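All remarks here apply to the structure that follows.
The values are calculated or read from the model by the stated rules, or taken from the named source; none is laboratory data. Because the structure is predicted, anything quoted here is derived from the model rather than measured. Reconstructed Cβ throughout: ideal geometry from the backbone, glycine too, with neighbour counts over all protein chains shown.
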Amino acid sequence: MSKKVLILSASPRKGGNSDVLCDEFLKGAKEAGNDVEKIFLRDKKINYCLGCGFCTNNDYTGCSQKDDMTEILEKMIAADVIVMATPVYFYTMNGQMKTLIDRTCAKYTKIVNKDFYFIVTAADEDKSALERTVEGFRGFSDLCLEGTKEKGVIYAAGVWKKGEIDGTPYVKQAYEMGKNV
């Protein structure tokens, strides 16, 4: 059965290490017959949450801000599978991904029954150093959203400079993970 897969790439570099893994996941998921879309967050205008209370005062039906987050949020609600990918900066997700998560507040109660995959890349060679970032994702998916299932994680440790991901086992892992959505 075909699934609707949404990949959220927070890499600030097109073709960066986490973005390459997103592309491999996409390739595998498409080859398996799924409907796949990748959103490259760098190309989107996503403002910071203002804490204005509009969403909470309006039963989580929307946000006061008019930017690209409205469209992204609708795609998250419609997806069966959500892939969240980020480089690790100072032992946590980058600002682009955190801003996206914060802005889901407008309709987070409607992001239900999703399968989640997490992709994290870091210069640190110790896989355990990436766990804090994954815990941040889990805080969002497990504690804030209903009916979610974590289906897979790629801890791509030891890759910093653009292109260092090439030829690593992580590339095949991303492809296979996508193939098995």
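Brief remarks on what is shown
- Here Leu8 qualifies as within 25 Å of Gly158 (Cβ to Cβ), in a strand (DSSP E or B) and at pLDDT 95 or above.
- Positions within the stretch 13-23 being farther than 20 Å from Met76 by Cα, crowded, with 17+ Cβ neighbours inside 10 Å and either of a type outside the set (A, V, I, L, M) or within 13 Å of the chain's Cα centre (by Cα) (or both), in sequence order: Gly16, Asn17
- The residue that is surrounded by the fewest Cβ atoms within 10 Å (Cβ to Cβ), counting only those in the stretch 24-36 that are of a type in the set (D, E, K, R) and in a helix (DSSP H, G or I), is Glu31.
- Checked against the criterion of being surrounded by fewer than 21 Cβ atoms within 10 Å (Cβ to Cβ), under 20 Å from Leu26 (Cβ atoms), touching a residue at least 40 places away in the same chain (Cβ under 8 Å) and within 13 Å of the chain's Cα centre (by Cα), the candidates Ile72, Ile119, Ile82 yield just one match: Ile72.
- Taking the numbered list (1) surrounded by 15 or more Cβ atoms within 10 Å (Cβ to Cβ); (2) in contact with a Gly (Cβ under 6 Å, 6 or more places away or on another chain) in turn, Glu125 passes all entries but (1).
- Residue ranges of helices (runs of 4 or more DSSP H) in the stretch 70-181 with at least 3 members acidic (Asp, Glu): 131-144
- Within the stretch 37-52, being in a strand (DSSP E or B) and either under 11 Å from Leu100 (Cβ atoms) or touching a residue at least 40 places away in the same chain (Cβ under 8 Å) (or both) holds for one residue alone: Ile39.
- Residue within the stretch 89-96 that is under 13 Å from Ser18 (Cα atoms), hydrophobic (A, V, I, L, M, F, W, C) and in contact with a helix residue (DSSP H, G or I) (Cβ under 8 Å, 6 or more places away or on another chain) present: yes
- Criterion applied to Gly95, Gly33 was being under 15 Å from the mean Cα position of the chain (by Cα) and modelled with pLDDT of 95 or more, and the one residue passing it is Gly95.
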